[in-house]
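See below for the structure under consideration.
The values are calculated or read from the model by the stated rules, or taken from the named source; none is laboratory data. Keep in mind that this is a model prediction, so the values were computed, not measured. All Cβ positions, even for glycine, are placed from backbone atoms using ideal geometry, and neighbour counts span all protein chains on display. Protein only, heavy atoms only, side chains kept; ligands, DNA and RNA dropped before computing areas. Shrake-Rupley method; radii C 1.70, N 1.55, O 1.52, S 1.80 Å.
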Amino acid sequence: EADIYQTPRYLVIGTGKKITLECSQTMGHDKMYWYQQDPGMELHLIHYSYGVNSTEKGDLSSESTVSRIRTEHFPLTLESARPSHTSQYLCASSEHPTDTQYFGPGTRLTVL
Amino acid sequence: GIQVEQSPPDLILQEGANSTLRCNFSDSVNNLQWFHQNPWGQLINLFYIPSGTKQNGRLSATTVATERYSLLYISSSQTTDSGVYFCAVVSGGKLIFGQGTELSVKP
C-alpha cells in the first residue's frame, strides 16, 4: 500500500484561525495533489504540483494556498478559516509513467 | 473536458449477492482507476486498468477502451464492501472523477 500521510486526521477550529494541513509521501513521487470533498459528493482538485517549486491551481477555486519546497512534502494553508471551508481534504501523489494516484487518509476539517 | 459518468448512483445488496458497477467516459484515456472510499473517508486503490481485465480476489474489472467504458464486478459481497466506489480517468495530467456509486451491503 502507498506511503502517504496526512495530519491532522480531524480538526475543529474557530473562524479566522490560520491552519496548515500536512501531507507527506515517502515514495519519491514528483506529482502531488490536493482534493476537496464534501460528504457524499465527488472529489474536486484544488491544487497540484509537478515537482519542487511547482504549484498550480486546480479546477475548483479555493482560498487555500500550497507550497512545495521538498519533494516529499506538500502542505496546504488556509490563512483565515471560515465555516464554508468545512470539508474533507485529501492529498495524493502519483507515480510515473502511469500517473496512478495514491491517496492519504484525509483530513476532516470543521470550522465553527 | 472529459466527462465521467457512473451508474447506478446507489445500490443496496444482500450479503452474498453479486453486482456490476459501470463507468462511462467521453473520450480516449490512457489511465483509468477504480477506488473504494471506506466509511472513514479513505480512498483505497482497487485497480489501475486502462484496458483489459484484472482480478483481485472477489473483485474484478474490465475496461473496453474502444467503447469508452469500464465495469467493476463484486462477487459474493460482504458488509465490508459497503462504501462509495469511484472511477477516475487521467485527462491533461489530472484525475477526473465520476460521481461515484454508493454501495450498501446488508447482513
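Here are the criteria: (1) closer than 18 Å to residue B:5 by Cα; (2) within 13 Å of chain A (Cβ to nearest Cβ); (3) more than 11 Å from the chain's Cα centre (by Cα); (4) free of Cβ contacts under 8 Å to residues at least 24 places away in the same chain. Tell me which single one residue B:83 does not satisfy.
(4) is the only condition that residue B:83 fails.
Give the residue that is nearest to residue B:3 (Cα to Cα), with candidates limited to residues of region B:35-68 that are aromatic (Phe, Trp, Tyr) and open to solvent by 40 Å² or more (accessible area, probe 1.4 Å).
Per the stated criteria, the residue is B:48.
Is there a residue in region A:65-85 that is modelled with pLDDT of 90 or more, charged (D, E, K, R), within 13 Å of the chain's Cα centre (by Cα) and not in a loop (DSSP other than H, G, I, E, B)?
Within region A:65-85, none of the residues are modelled with pLDDT of 90 or more, charged (D, E, K, R), within 13 Å of the chain's Cα centre (by Cα) and not in a loop (DSSP other than H, G, I, E, B).
Of the residues A:45, A:109, A:78, which is within 25 Å of residue B:90 (Cα to Cα), in contact with a strand residue (DSSP E or B) (Cβ under 7 Å, 6 or more places away or on another chain), of a type in the set (A, V, I, L, M, F, W, C) and surrounded by 19 or more Cβ atoms within 10 Å (Cβ to Cβ)?
When all the criteria are applied, what remains is A:45.
Counting only residues that are in a loop (DSSP other than H, G, I, E, B) and either within 10 Å of the chain's Cα centre (by Cα) or within 17 Å of residue B:86 (Cβ to Cβ) (or both), how many does region B:23-67 have?
10
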